[in-house]
Amino acid sequence: MSSRLLRPVRADRRTSAPRSAAPLGTRLPLVAVAVVAAGLTAACGPSSQPVGSAAPAKAGQSSEAALPSASESATASPEASASASASPSASASASASRAASASAAPSRTPSKPARTSAAPEPARVPGPGYDSSADAQKQIEAALRAAKADGRAVLLDFGANWCGNCKAADKVFAQSQTTAILGDSYHLVKVDIGGNSSANSALLRKYSPSGGTYTMPVLVVVSPSGTVRTDTHVTGNPSLTADGINAFLRKWAS
C-alpha cells in the first residue's frame with residue numbers, strides 16, 4: 001500500500017514544471033565574479049575608507065585641488081588690502097560730502113548784517129556871530145559830554161559881535177578846509193562876552209583864569225576830561241588867516 005502511494009507522487013514530480021532557476025550557463029559567471037571579488041578582498045584587505053567619503057586624490061593633484069595656489073592667494077591679498085584701504089577713504093569722502101552738503105545748505109535763520117566801524121559824523125560847526133541869549137554853561141557841558149563820547153576836543157571861542165578880529169576868525173571858520181578840521185576834531189562853543197552877561201564873564205575867568213585885559217577872540221582848547229590844553233589869552237592869538245588858524249587847530253587837536 002505504501003508503494004502505491006509513492007508512485008503517483010513520483011509521477012507528479014516528473015510531470016510538474018521544474019522550479020524557476022537560472023540556467024547553468026548564467027550561474028557560472030556569477031560564481032566566477034564572486035570568486036574574483038573574494039580574491040581581491042583577501043589580497044587588499046578590508047577598506048578603511050568610510051562609506052560615502054571621497055576617494056583620495058591622485059599624487060601630484062592634492063596640493064592644487066585641495067588648497068588654492070600661492071599665486072592666487074597673493075593675487076587675492078592685494079585686492080582685499082585695496083578694499084580694506086579703500087573703505088576708510090570712501091567713508092572719509094562720504095563724510096566730506098555730507099559736510100559740504102551741510103555747509104552748502106541755506107541757513108534757516110537769517111544772517112545778521114556785519115557791523116562796520118564807520119567814521120563818526122562831523123560835529124556841528126556853529127555859524128558866524130555870537131548868540132547873547134544862549135545858555136553858554138549848558139552848551140559847554142553838552143560839548144564836554146560829547147567829547148568824552150567821541151574823543152574830540154572842545155574849542156571855546158569867547159568873543160563879541162562888534163569885534164573885528166572875531167569877524168575875521170568867523171570868515172576863516174566858514175572856509176571848507178577849516179570847517180572840516182573843526183568838524184573832525186572839535187566841538188565848537190561860541191560864548192558872547194561883549195554884552196552884560198555876568199555868567200559868560202564868569203565862564204571866561206574859569207577857563208582863562210590869568211585875568212587882565214582880554215584880546216578877543218579868546219580861544220581856549222579843553223580836553224574831553226575838562227583840562228585846558230591851551231589859552232590864547234596867555235599864548236597870544238594865531239594869525240587870523242586860514243593858514244594860521246588851521247595850524248593852530250591841528251596842533252591842539254591831539
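The values are calculated or read from the model by the stated rules, or taken from the named source; none is laboratory data. What you see is a predicted model, and the numbers here were worked out from it, not measured in a lab. FYI the Cβ positions are ideal-geometry reconstructions off the backbone, even for glycines, and counts take in every protein chain you see. Heavy atoms of the whole protein, side chains included, go into the accessibility calculation; ligands, DNA and RNA do not. Shrake-Rupley method; radii C 1.70, N 1.55, O 1.52, S 1.80 Å.
In debye, nearest 20: dipole of segment 124-213 around its Cα centre with unit charges on the Cβ of K, R (+) and D, E (-)?
120
With every protein chain kept in the model, how would you rank THR235, THR241 by accessible area, 1.4 Å probe, largest at the top?
Most to least solvent-accessible, the answer reads THR235, THR241.
Expressed as a rounded percentage, what relative contact order does segment 111-243 have, with Cα pairs under 8 Å and six or more residues apart?
After rounding, I find 32 percent.
Considering only the other residues whose Cβ falls under 9 Å of the Cβ of ALA123, what net charge follows from Lys and Arg at +1 and Asp and Glu at -1?
Within the 9 Å Cβ shell, the charges total -1.
In Å², what does the accessible area per residue of segment 125-179 work out to with a 1.4 Å probe?
51
Tell me, what % of the accessible area of segment 163-254 is carbon and sulfur with a 1.4 angstrom probe?
Roughly 52 percent of what the probe reaches on segment 163-254 is carbon or sulfur.
Along the three principal axes, how long is segment 118-171 when you take its alpha carbons, biggest first, rounded to the nearest angstrom?
39, 23, 14
For ASP243, what charge total do you get from the other residues with a beta carbon under 14 Å from its beta carbon, if Lys and Arg give +1 and Asp and Glu give -1?
Once positives and negatives cancel, what remains is +3.
Any chance you could run the full-extension gain for ASP184 through SER239? It's 0.36 nm times the residue separation minus the Cα-Cα distance, nm to one decimal.
17.7 nm
Alpha carbons only, please: Rg and Dmax for segment 142-233, in angstrom.
13.1, 35
Tally Lys and Arg at +1 and Asp and Glu at -1 over the other residues with C-beta under 15 Å from the C-beta of THR227: what net charge comes out?
Charge balance near THR227 sits at +3.
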